[in-house]
Amino acid sequence: MSVATMLMQLGKGMISTAEIFFLTLLFSLPLGLLVSFGRMSKNGLVRGISKFYISIMRGTPLMLQLLVVYFAPYYLFGLNLRGYRFPAIILAFSINYAAYFAEIYRGGIESMAVGQYEAAKVLGYNKVQTFFKIILPQVIKRILPSITNETITLVKDTSLAFVLAQAEMFTMAKQIAAKDTSMMPLMVAGLFYYVFNLLVAFVMERIEKSMSYYR
Amino acid sequence: MGMRGNMERDSNILLEINHMRKGFDGLHVLKDISLSVREGEVISIIGPSGSGKSTLLRCATMLETMDGGELSYLGEKAAWEEDGRCVYAPKSKLKEIHKHFGLVFQNFNLFPHYSVLKNIIDAPVSVDKIPKKEATERAEKLLLQLGLADKADAYPYQLSGGQQQRVSIARALALQPKILFFDEPTSALDPELTGEVLKVIKQLASEHMTMIIVTHEMQFARELSDRIIFMEQGLIQAEGSPEEIFASDNERVREFIGKFQS
(Lines give C-alpha, C1' and ligand atoms only; values in the text may rest on other atoms or scores of the structure.)
Protein backbone atom coordinates (compact mmCIF):
# COMPACT_ATOMS: atom_id res chain seq x y z
CA MET A 1 0.00 0.00 0.00
CA SER A 2 1.36 3.39 -0.93
CA VAL A 3 1.99 6.01 1.70
CA ALA A 4 -0.64 8.24 0.16
CA THR A 5 -3.32 5.53 0.37
CA MET A 6 -2.33 4.81 3.94
CA LEU A 7 -2.61 8.46 4.91
CA MET A 8 -5.99 8.66 3.18
CA GLN A 9 -7.27 5.68 5.11
CA LEU A 10 -5.93 6.95 8.40
CA GLY A 11 -7.37 10.37 7.64
CA LYS A 12 -10.79 8.76 7.23
CA GLY A 13 -10.28 7.05 10.57
CA MET A 14 -9.33 10.40 12.03
CA ILE A 15 -12.72 11.82 11.07
CA SER A 16 -14.43 9.04 12.96
CA THR A 17 -12.09 9.61 15.92
CA ALA A 18 -12.92 13.31 15.91
CA GLU A 19 -16.64 12.54 15.77
CA ILE A 20 -16.40 10.30 18.81
CA PHE A 21 -14.36 12.96 20.59
CA PHE A 22 -16.66 15.92 19.94
CA LEU A 23 -19.94 14.08 20.45
CA THR A 24 -18.68 12.59 23.71
CA LEU A 25 -17.75 16.03 25.01
CA LEU A 26 -21.04 17.47 23.81
CA PHE A 27 -23.05 14.91 25.81
CA SER A 28 -20.83 14.15 28.78
CA LEU A 29 -20.13 17.72 29.89
CA PRO A 30 -23.79 18.59 30.60
CA LEU A 31 -24.60 15.04 31.75
CA GLY A 32 -21.68 15.25 34.19
CA LEU A 33 -23.13 18.42 35.67
CA LEU A 34 -26.46 16.67 36.16
CA VAL A 35 -24.76 13.69 37.83
CA SER A 36 -22.81 16.03 40.11
CA PHE A 37 -26.12 17.60 41.19
CA GLY A 38 -27.35 14.11 42.01
CA ARG A 39 -24.15 13.36 43.87
CA MET A 40 -24.67 16.50 46.01
CA SER A 41 -28.43 16.09 46.37
CA LYS A 42 -30.08 16.43 49.75
CA ASN A 43 -32.13 13.39 48.86
CA GLY A 44 -30.26 10.34 50.13
CA LEU A 45 -31.65 8.01 47.47
CA VAL A 46 -30.63 10.30 44.60
CA ARG A 47 -27.23 10.77 46.19
CA GLY A 48 -26.80 7.02 46.65
CA ILE A 49 -27.74 6.21 43.06
CA SER A 50 -25.38 8.88 41.73
CA LYS A 51 -22.55 7.60 43.89
CA PHE A 52 -23.13 4.04 42.72
CA TYR A 53 -23.24 5.15 39.10
CA ILE A 54 -19.97 7.02 39.44
CA SER A 55 -18.26 4.12 41.19
CA ILE A 56 -19.32 1.64 38.49
CA MET A 57 -18.26 3.94 35.67
CA ARG A 58 -14.90 4.68 37.23
CA GLY A 59 -14.35 1.22 38.66
CA THR A 60 -14.74 -0.90 35.52
CA PRO A 61 -12.79 -0.78 32.25
CA LEU A 62 -14.15 1.52 29.59
CA MET A 63 -13.52 -1.26 27.07
CA LEU A 64 -15.86 -3.53 28.99
CA GLN A 65 -18.46 -0.76 29.17
CA LEU A 66 -18.28 -0.38 25.39
CA LEU A 67 -18.96 -4.08 24.94
CA VAL A 68 -21.80 -4.12 27.44
CA VAL A 69 -23.52 -1.07 25.97
CA TYR A 70 -23.20 -2.48 22.46
CA PHE A 71 -24.29 -6.06 23.17
CA ALA A 72 -26.79 -5.52 25.99
CA PRO A 73 -29.81 -4.77 23.73
CA TYR A 74 -29.29 -8.10 21.95
CA TYR A 75 -28.43 -10.35 24.89
CA LEU A 76 -30.85 -8.81 27.36
CA PHE A 77 -33.79 -7.94 25.13
CA GLY A 78 -33.16 -9.90 21.95
CA LEU A 79 -33.11 -6.64 20.00
CA ASN A 80 -31.22 -6.59 16.75
CA LEU A 81 -30.58 -2.92 16.24
CA ARG A 82 -29.27 -1.83 12.88
CA GLY A 83 -26.78 1.00 12.84
CA TYR A 84 -26.41 0.81 16.60
CA ARG A 85 -22.61 0.57 16.59
CA PHE A 86 -21.80 4.26 16.44
CA PRO A 87 -24.57 5.41 18.84
CA ALA A 88 -23.45 2.68 21.25
CA ILE A 89 -19.91 4.03 21.19
CA ILE A 90 -21.07 7.60 21.85
CA LEU A 91 -23.41 6.40 24.60
CA ALA A 92 -20.72 4.36 26.34
CA PHE A 93 -18.12 7.13 26.13
CA SER A 94 -20.61 9.77 27.28
CA ILE A 95 -21.84 7.94 30.35
CA ASN A 96 -18.28 7.00 31.28
CA TYR A 97 -16.85 10.51 30.92
CA ALA A 98 -19.89 12.07 32.60
CA ALA A 99 -18.91 10.19 35.77
CA TYR A 100 -15.42 11.67 35.74
CA PHE A 101 -16.69 15.13 34.88
CA ALA A 102 -19.29 14.88 37.65
CA GLU A 103 -16.59 14.48 40.26
CA ILE A 104 -14.62 17.37 38.78
CA TYR A 105 -17.71 19.59 38.87
CA ARG A 106 -18.44 18.53 42.42
CA GLY A 107 -14.92 19.43 43.53
CA GLY A 108 -15.27 22.84 41.92
CA ILE A 109 -18.73 23.55 43.25
CA GLU A 110 -17.86 22.48 46.78
CA SER A 111 -14.77 24.67 46.76
CA MET A 112 -16.85 27.81 46.26
CA ALA A 113 -17.03 30.09 49.28
CA VAL A 114 -20.45 30.09 50.94
CA GLY A 115 -20.31 33.89 50.92
CA GLN A 116 -20.96 33.93 47.17
CA TYR A 117 -24.25 32.08 47.69
CA GLU A 118 -25.18 34.32 50.61
CA ALA A 119 -24.43 37.52 48.73
CA ALA A 120 -26.54 36.29 45.83
CA LYS A 121 -29.38 35.33 48.14
CA VAL A 122 -29.45 38.68 49.90
CA LEU A 123 -29.42 40.46 46.53
CA GLY A 124 -32.51 38.48 45.56
CA TYR A 125 -31.11 36.12 42.92
CA ASN A 126 -33.10 32.90 42.73
CA LYS A 127 -31.36 29.54 42.86
CA VAL A 128 -31.08 29.09 39.10
CA GLN A 129 -29.69 32.60 38.60
CA THR A 130 -27.28 32.12 41.48
CA PHE A 131 -25.93 28.92 40.00
CA PHE A 132 -25.64 29.93 36.37
CA LYS A 133 -24.64 33.58 36.82
CA ILE A 134 -22.54 33.54 39.95
CA ILE A 135 -21.33 30.03 40.78
CA LEU A 136 -20.84 28.13 37.51
CA PRO A 137 -18.63 30.71 35.74
CA GLN A 138 -16.26 30.70 38.68
CA VAL A 139 -16.38 26.91 38.95
CA ILE A 140 -15.49 26.53 35.27
CA LYS A 141 -12.44 28.72 35.72
CA ARG A 142 -11.31 26.60 38.64
CA ILE A 143 -11.86 23.20 37.07
CA LEU A 144 -10.56 23.98 33.61
CA PRO A 145 -7.12 22.38 34.17
CA SER A 146 -8.79 19.14 35.29
CA ILE A 147 -11.18 19.26 32.34
CA THR A 148 -8.19 19.67 30.03
CA ASN A 149 -6.66 16.53 31.52
CA GLU A 150 -9.78 14.48 30.95
CA THR A 151 -10.21 15.86 27.47
CA ILE A 152 -6.70 14.82 26.51
CA THR A 153 -7.32 11.36 27.91
CA LEU A 154 -10.52 11.19 25.88
CA VAL A 155 -8.61 11.78 22.63
CA LYS A 156 -6.52 8.69 23.34
CA ASP A 157 -9.42 6.67 24.75
CA THR A 158 -11.31 6.97 21.45
CA SER A 159 -8.95 4.24 20.23
CA LEU A 160 -10.84 1.81 22.50
CA ALA A 161 -13.68 1.90 19.97
CA PHE A 162 -11.65 -0.66 18.04
CA VAL A 163 -13.22 -3.38 20.22
CA LEU A 164 -16.47 -2.72 18.40
CA ALA A 165 -14.61 -2.62 15.08
CA GLN A 166 -15.52 1.01 14.56
CA ALA A 167 -13.47 2.34 11.69
CA GLU A 168 -11.75 5.00 13.74
CA MET A 169 -8.09 5.81 13.37
CA PHE A 170 -6.63 3.15 15.63
CA THR A 171 -8.70 0.38 14.05
CA MET A 172 -7.59 1.50 10.61
CA ALA A 173 -3.94 1.69 11.67
CA LYS A 174 -4.06 -1.82 13.08
CA GLN A 175 -5.66 -3.22 9.95
CA ILE A 176 -3.14 -1.62 7.62
CA ALA A 177 -0.27 -2.64 9.87
CA ALA A 178 -1.41 -6.26 9.79
CA LYS A 179 -1.93 -6.27 6.04
CA ASP A 180 1.40 -4.60 5.21
CA THR A 181 3.34 -6.20 8.09
CA SER A 182 4.69 -2.76 8.86
CA MET A 183 4.84 -0.63 11.99
CA MET A 184 4.62 2.52 9.95
CA PRO A 185 0.79 2.94 10.12
CA LEU A 186 0.87 2.65 13.92
CA MET A 187 3.58 5.27 14.18
CA VAL A 188 1.65 7.60 11.91
CA ALA A 189 -1.48 7.02 14.00
CA GLY A 190 0.52 7.91 17.09
CA LEU A 191 1.59 11.13 15.43
CA PHE A 192 -2.03 11.89 14.55
CA TYR A 193 -3.13 11.48 18.18
CA TYR A 194 -0.23 13.60 19.35
CA VAL A 195 -1.04 16.45 16.98
CA PHE A 196 -4.74 16.21 17.88
CA ASN A 197 -3.82 16.59 21.52
CA LEU A 198 -1.48 19.49 20.86
CA LEU A 199 -4.47 21.18 19.29
CA VAL A 200 -6.69 20.32 22.26
CA ALA A 201 -4.10 21.68 24.70
CA PHE A 202 -3.74 24.84 22.63
CA VAL A 203 -7.49 25.47 22.56
CA MET A 204 -7.87 24.77 26.27
CA GLU A 205 -5.05 27.16 27.05
CA ARG A 206 -6.80 29.83 25.04
CA ILE A 207 -10.00 29.26 27.00
CA GLU A 208 -8.08 29.45 30.26
CA LYS A 209 -6.51 32.71 29.14
CA SER A 210 -9.89 34.12 28.25
CA MET A 211 -10.90 33.64 31.88
CA SER A 212 -7.77 35.10 33.40
CA TYR A 213 -9.18 38.64 33.48
CA TYR A 214 -10.19 38.06 37.09
CA ARG A 215 -8.93 36.20 40.11
CA MET B 1 -55.18 61.72 69.25
CA GLY B 2 -53.20 59.27 71.29
CA MET B 3 -54.47 56.51 69.05
CA ARG B 4 -53.47 58.29 65.89
CA GLY B 5 -50.07 59.10 67.27
CA ASN B 6 -49.53 55.44 67.91
CA MET B 7 -50.55 54.44 64.45
CA GLU B 8 -48.24 56.94 62.91
CA ARG B 9 -45.39 55.71 64.96
CA ASP B 10 -46.16 52.11 64.08
CA SER B 11 -46.16 52.81 60.39
CA ASN B 12 -42.63 54.09 60.79
CA ILE B 13 -41.39 50.83 62.20
CA LEU B 14 -39.36 49.16 59.47
CA LEU B 15 -38.19 46.11 61.32
CA GLU B 16 -39.69 44.32 64.24
CA ILE B 17 -38.22 41.31 65.97
CA ASN B 18 -40.08 39.64 68.81
CA HIS B 19 -38.64 36.93 71.03
CA MET B 20 -36.30 35.64 68.38
CA ARG B 21 -34.59 32.38 69.29
CA LYS B 22 -31.89 30.46 67.50
CA GLY B 23 -29.74 27.52 68.47
CA PHE B 24 -27.04 25.46 66.82
CA ASP B 25 -26.70 21.85 67.99
CA GLY B 26 -28.30 22.53 71.33
CA LEU B 27 -26.31 25.69 71.90
CA HIS B 28 -28.62 28.67 72.40
CA VAL B 29 -27.02 31.45 70.42
CA LEU B 30 -30.02 33.76 70.54
CA LYS B 31 -32.19 33.34 73.58
CA ASP B 32 -34.90 35.93 73.44
CA ILE B 33 -34.24 38.93 71.25
CA SER B 34 -36.78 41.66 70.71
CA LEU B 35 -35.98 44.76 68.76
CA SER B 36 -37.81 47.32 66.70
CA VAL B 37 -36.22 49.72 64.29
CA ARG B 38 -37.79 52.95 63.10
CA GLU B 39 -37.24 54.68 59.83
CA GLY B 40 -34.04 56.72 59.81
CA GLU B 41 -32.58 55.11 62.90
CA VAL B 42 -28.96 54.07 63.10
CA ILE B 43 -28.42 51.24 65.52
CA SER B 44 -25.09 49.74 66.50
CA ILE B 45 -24.86 46.29 67.98
CA ILE B 46 -21.81 45.69 70.12
CA GLY B 47 -20.69 42.87 72.35
CA PRO B 48 -18.02 40.22 72.77
CA SER B 49 -17.50 37.63 70.05
CA GLY B 50 -19.86 34.71 70.41
CA SER B 51 -22.52 36.94 71.91
CA GLY B 52 -24.88 36.32 68.99
CA LYS B 53 -24.55 39.66 67.17
CA SER B 54 -23.83 38.17 63.77
CA THR B 55 -26.40 35.42 64.24
CA LEU B 56 -29.00 38.09 64.97
CA LEU B 57 -28.11 39.82 61.72
CA ARG B 58 -28.13 36.55 59.81
CA CYS B 59 -31.56 35.62 61.19
CA ALA B 60 -32.92 39.10 60.48
CA THR B 61 -31.68 38.88 56.88
CA MET B 62 -32.96 35.29 56.63
CA LEU B 63 -29.59 33.75 55.87
CA GLU B 64 -30.38 31.59 58.88
CA THR B 65 -33.79 30.32 59.83
CA MET B 66 -34.77 31.15 63.36
CA ASP B 67 -36.16 28.56 65.76
CA GLY B 68 -38.84 30.72 67.28
CA GLY B 69 -40.20 34.22 67.59
CA GLU B 70 -41.42 36.69 65.07
CA LEU B 71 -39.82 38.73 62.32
CA SER B 72 -41.54 41.42 60.28
CA TYR B 73 -40.57 44.18 57.90
CA LEU B 74 -42.83 47.20 57.39
CA GLY B 75 -45.58 45.36 59.20
CA GLU B 76 -45.40 42.36 56.87
CA LYS B 77 -44.69 39.16 58.71
CA ALA B 78 -41.76 37.15 57.39
CA ALA B 79 -41.79 34.54 60.15
CA TRP B 80 -43.85 33.75 63.20
CA GLU B 81 -44.52 31.01 65.66
CA GLU B 82 -47.30 28.47 65.32
CA ASP B 83 -47.75 25.66 67.87
CA GLY B 84 -44.24 26.25 69.14
CA ARG B 85 -42.72 25.98 65.68
CA CYS B 86 -41.34 28.75 63.54
CA VAL B 87 -43.19 29.26 60.26
CA TYR B 88 -41.97 31.35 57.36
CA ALA B 89 -44.16 33.23 54.91
CA PRO B 90 -44.60 31.70 51.44
CA LYS B 91 -41.76 32.16 48.98
CA SER B 92 -43.43 34.88 46.94
CA LYS B 93 -44.06 36.91 50.08
CA LEU B 94 -40.48 36.46 51.27
CA LYS B 95 -39.27 37.63 47.89
CA GLU B 96 -41.16 40.88 48.41
CA ILE B 97 -39.88 41.23 51.95
CA HIS B 98 -36.30 40.63 50.79
CA LYS B 99 -36.50 43.83 48.79
CA HIS B 100 -36.80 45.86 51.98
CA PHE B 101 -33.30 45.19 53.23
CA GLY B 102 -29.70 44.90 52.14
CA LEU B 103 -26.67 43.41 53.83
CA VAL B 104 -23.02 44.37 53.73
CA PHE B 105 -20.74 41.47 54.62
CA GLN B 106 -17.55 41.46 56.59
CA ASN B 107 -15.73 39.84 53.65
CA PHE B 108 -17.47 41.94 50.98
CA ASN B 109 -18.44 38.85 48.95
CA LEU B 110 -18.22 40.73 45.69
CA PHE B 111 -18.56 38.63 42.56
CA PRO B 112 -14.97 38.34 41.32
CA HIS B 113 -15.89 37.59 37.72
CA TYR B 114 -17.95 40.77 37.38
CA SER B 115 -16.56 44.26 36.96
CA VAL B 116 -17.41 46.84 39.62
CA LEU B 117 -20.21 48.21 37.48
CA LYS B 118 -21.64 44.77 36.74
CA ASN B 119 -21.48 43.85 40.42
CA ILE B 120 -23.72 46.84 41.09
CA ILE B 121 -26.16 46.68 38.18
CA ASP B 122 -26.61 42.95 37.77
CA ALA B 123 -29.07 42.42 40.62
CA PRO B 124 -31.22 45.46 39.73
CA VAL B 125 -31.29 44.31 36.10
CA SER B 126 -31.75 40.58 36.49
CA VAL B 127 -33.71 40.50 39.75
CA ASP B 128 -35.69 43.75 39.77
CA LYS B 129 -35.90 43.90 35.95
CA ILE B 130 -34.85 47.53 35.84
CA PRO B 131 -33.72 48.66 32.37
CA LYS B 132 -29.97 48.39 32.04
CA LYS B 133 -29.59 52.04 31.13
CA GLU B 134 -31.41 53.19 34.24
CA ALA B 135 -29.51 50.76 36.47
CA THR B 136 -26.22 51.98 35.00
CA GLU B 137 -27.11 55.60 35.64
CA ARG B 138 -28.04 54.75 39.19
CA ALA B 139 -24.80 52.81 39.67
CA GLU B 140 -22.68 55.63 38.28
CA LYS B 141 -24.30 58.05 40.67
CA LEU B 142 -23.55 55.71 43.58
CA LEU B 143 -19.96 55.22 42.48
CA LEU B 144 -19.50 58.96 42.30
CA GLN B 145 -21.01 59.35 45.75
CA LEU B 146 -18.72 56.72 47.21
CA GLY B 147 -15.60 58.09 45.54
CA LEU B 148 -15.23 55.21 43.09
CA ALA B 149 -16.17 56.91 39.84
CA ASP B 150 -12.94 55.82 38.14
CA LYS B 151 -13.31 52.17 39.19
CA ALA B 152 -16.42 51.18 37.24
CA ASP B 153 -14.48 48.93 34.86
CA ALA B 154 -12.08 47.48 37.43
CA TYR B 155 -12.41 43.96 38.77
CA PRO B 156 -12.64 43.35 42.52
CA TYR B 157 -9.14 41.83 42.77
CA GLN B 158 -7.68 45.09 41.49
CA LEU B 159 -9.15 47.07 44.39
CA SER B 160 -8.03 47.58 47.97
CA GLY B 161 -10.15 46.11 50.75
CA GLY B 162 -11.61 49.51 51.54
CA GLN B 163 -12.58 50.06 47.92
CA GLN B 164 -14.07 46.56 47.70
CA GLN B 165 -16.17 47.22 50.77
CA ARG B 166 -17.38 50.51 49.31
CA VAL B 167 -18.35 48.69 46.12
CA SER B 168 -20.28 46.16 48.16
CA ILE B 169 -22.10 49.01 49.89
CA ALA B 170 -22.93 50.47 46.47
CA ARG B 171 -24.13 47.05 45.34
CA ALA B 172 -26.50 46.86 48.31
CA LEU B 173 -27.71 50.45 47.83
CA ALA B 174 -28.42 49.91 44.14
CA LEU B 175 -31.44 47.83 45.11
CA GLN B 176 -32.72 50.81 47.12
CA PRO B 177 -33.37 48.96 50.37
CA LYS B 178 -35.20 50.59 53.25
CA ILE B 179 -32.82 49.09 55.80
CA LEU B 180 -29.16 48.33 55.42
CA PHE B 181 -27.44 45.82 57.69
CA PHE B 182 -23.68 45.82 58.19
CA ASP B 183 -21.94 42.75 59.59
CA GLU B 184 -18.65 44.03 60.98
CA PRO B 185 -17.97 46.02 57.82
CA THR B 186 -14.42 47.00 58.74
CA SER B 187 -13.22 43.86 60.53
CA ALA B 188 -11.52 42.40 57.46
CA LEU B 189 -9.75 45.66 56.63
CA ASP B 190 -6.29 46.93 57.44
CA PRO B 191 -6.54 49.70 60.04
CA GLU B 192 -5.59 52.40 57.57
CA LEU B 193 -8.51 51.41 55.34
CA THR B 194 -11.31 51.38 57.91
CA GLY B 195 -11.64 55.18 57.80
CA GLU B 196 -12.84 55.35 54.21
CA VAL B 197 -15.56 52.78 54.88
CA LEU B 198 -16.69 54.40 58.11
CA LYS B 199 -16.85 57.73 56.29
CA VAL B 200 -19.23 56.26 53.74
CA ILE B 201 -21.45 54.85 56.49
CA LYS B 202 -21.47 58.25 58.19
CA GLN B 203 -22.44 59.85 54.92
CA LEU B 204 -25.36 57.43 54.65
CA ALA B 205 -26.40 58.22 58.21
CA SER B 206 -26.48 61.91 57.36
CA GLU B 207 -28.83 61.02 54.51
CA HIS B 208 -31.08 59.27 57.07
CA MET B 209 -30.51 55.78 55.79
CA THR B 210 -31.85 53.26 58.30
CA MET B 211 -28.92 51.11 59.35
CA ILE B 212 -28.13 48.32 61.76
CA ILE B 213 -24.43 47.88 62.25
CA VAL B 214 -22.62 45.11 64.06
CA THR B 215 -19.27 46.63 64.89
CA HIS B 216 -16.24 46.64 67.12
CA GLU B 217 -15.52 50.30 66.34
CA MET B 218 -16.65 51.81 69.64
CA GLN B 219 -15.82 55.42 68.86
CA PHE B 220 -17.64 55.14 65.55
CA ALA B 221 -20.70 53.57 67.19
CA ARG B 222 -20.71 56.32 69.74
CA GLU B 223 -20.56 59.16 67.23
CA LEU B 224 -22.98 57.74 64.75
CA SER B 225 -25.68 55.73 66.49
CA ASP B 226 -29.07 56.80 67.66
CA ARG B 227 -29.12 53.67 69.73
CA ILE B 228 -26.54 51.14 70.86
CA ILE B 229 -27.40 47.59 71.73
CA PHE B 230 -25.06 45.58 73.90
CA MET B 231 -25.39 41.84 73.45
CA GLU B 232 -23.96 39.04 75.49
CA GLN B 233 -24.76 35.34 75.74
CA GLY B 234 -27.58 35.57 73.27
CA LEU B 235 -29.40 38.33 75.04
CA ILE B 236 -29.68 42.08 74.75
CA GLN B 237 -28.08 43.07 78.03
CA ALA B 238 -28.30 46.82 77.61
CA GLU B 239 -29.82 49.22 75.14
CA GLY B 240 -29.84 52.97 74.94
CA SER B 241 -28.44 56.14 73.47
CA PRO B 242 -24.65 56.28 73.11
CA GLU B 243 -24.52 58.56 76.14
CA GLU B 244 -26.49 56.07 78.21
CA ILE B 245 -24.45 53.08 77.10
CA PHE B 246 -21.07 54.75 77.53
CA ALA B 247 -22.09 55.94 80.98
CA SER B 248 -23.81 52.68 81.85
CA ASP B 249 -23.48 51.29 85.33
CA ASN B 250 -24.03 47.78 83.99
CA GLU B 251 -20.78 46.12 84.94
CA ARG B 252 -20.56 43.91 81.84
CA VAL B 253 -21.09 46.87 79.54
CA ARG B 254 -18.47 48.94 81.35
CA GLU B 255 -15.98 46.12 81.28
CA PHE B 256 -16.54 45.53 77.56
CA ILE B 257 -16.28 49.17 76.59
CA GLY B 258 -13.31 49.62 78.89
CA LYS B 259 -11.37 47.01 76.90
CA PHE B 260 -11.65 49.14 73.79
CA GLN B 261 -10.71 52.40 75.41
CA SER B 262 -7.44 51.31 76.95
Requested in this report: Could you please find all residues in the range A:164-187 being touching a helix residue (DSSP H, G or I) at 6+ places or on another chain (Cβ under 6 Å) and crowded, with 16+ Cβ neighbours inside 10 Å?
Outcome: A:Leu164, A:Gln166, A:Ala167, A:Glu168, A:Met169, A:Phe170, A:Thr171, A:Met172, A:Ala173, A:Ile176, A:Ala177, A:Pro185
Report task. Kindly check whether there is at least one residue in the range B:183-196 that is at pLDDT 95 or above and in a helix (DSSP H, G or I). Result -> no
Requested in this report: Among what's in the range A:27-44 and is crowded, with 22+ Cβ neighbours inside 10 Å and of a type in the set (S, T, N, Q), pick the residue that is farthest from A:Ala88 (Cα to Cα).
Outcome: A:Ser36
Requested in this report: Inspect all residues belonging to the range B:39-54 and state whether any of them is modelled with pLDDT under 95, surrounded by 18 or more Cβ atoms within 10 Å (Cβ to Cβ) and more than 22 Å from B:Gly240 (Cβ to Cβ).
Outcome: no
Query - Hits in the range B:93-113 (condition: within 9 Å of another protein chain (Cβ to nearest Cβ), of a type in the set (A, V, I, L, M, F, W, C) and either touching a strand residue (DSSP E or B) at 6+ places or on another chain (Cβ under 8 Å) or under 13 Å from B:Leu175 (Cα atoms) (or both)) - result: B:Phe101, B:Leu103, B:Phe105
Report summary line: Apart from one, (1) in a strand (DSSP E or B); (2) within 14 Å of chain A (Cβ to nearest Cβ); (3) modelled with pLDDT under 95 all hold for B:His28; the odd one out is (2)
Query - Residues located in the range A:1-24, provided they are over 11 Å from A:Phe192 (Cβ atoms), of a type in the set (S, T, N, Q) and in a helix (DSSP H, G or I) - result: A:Thr5, A:Gln9, A:Ser16, A:Thr24
Query raised in the report: Is one or more of the residues making up the range B:208-219 surrounded by 17 or more Cβ atoms within 10 Å (Cβ to Cβ), in contact with a Phe, Trp or Tyr (Cβ under 9 Å, 6 or more places away or on another chain) and in a helix (DSSP H, G or I)?
Result: yes
Query raised in the report: Can B:Ala89 be described as in contact with a helix residue (DSSP H, G or I) (Cβ under 6 Å, 6 or more places away or on another chain) and not assigned by TED's automatic domain parsing to the domain that holds B:Lys129?
Result: no
Query raised in the report: Of the numbered conditions (1) farther than 30 Å from B:Gln158 by Cα; (2) within 14 Å of another protein chain (Cβ to nearest Cβ), A:Leu144 satisfies every one except a single condition; which is it?
Result: (1)
Query raised in the report: Of the residues that make up the range B:124-140, is at least one away from every other protein chain (no Cβ under 14 Å), at pLDDT 95 or above and assigned to a loop (DSSP other than H, G, I, E, B)?
Result: yes
Query raised in the report: Where residues in the range A:111-141 are outside any loop (DSSP other than H, G, I, E, B) and among the small types (Gly, Ala, Ser), which of them is farthest from the other protein chains (Cβ to nearest Cβ)?
Result: A:Ala120
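The values are calculated or read from the model by the stated rules, or taken from the named source; none is laboratory data. Computed from a prediction, not measured in an experiment: that's the story for all the values here. Positions of Cβ are generated from backbone atoms using ideal geometry, with glycine treated the same way; all protein chains shown enter the neighbour counts.
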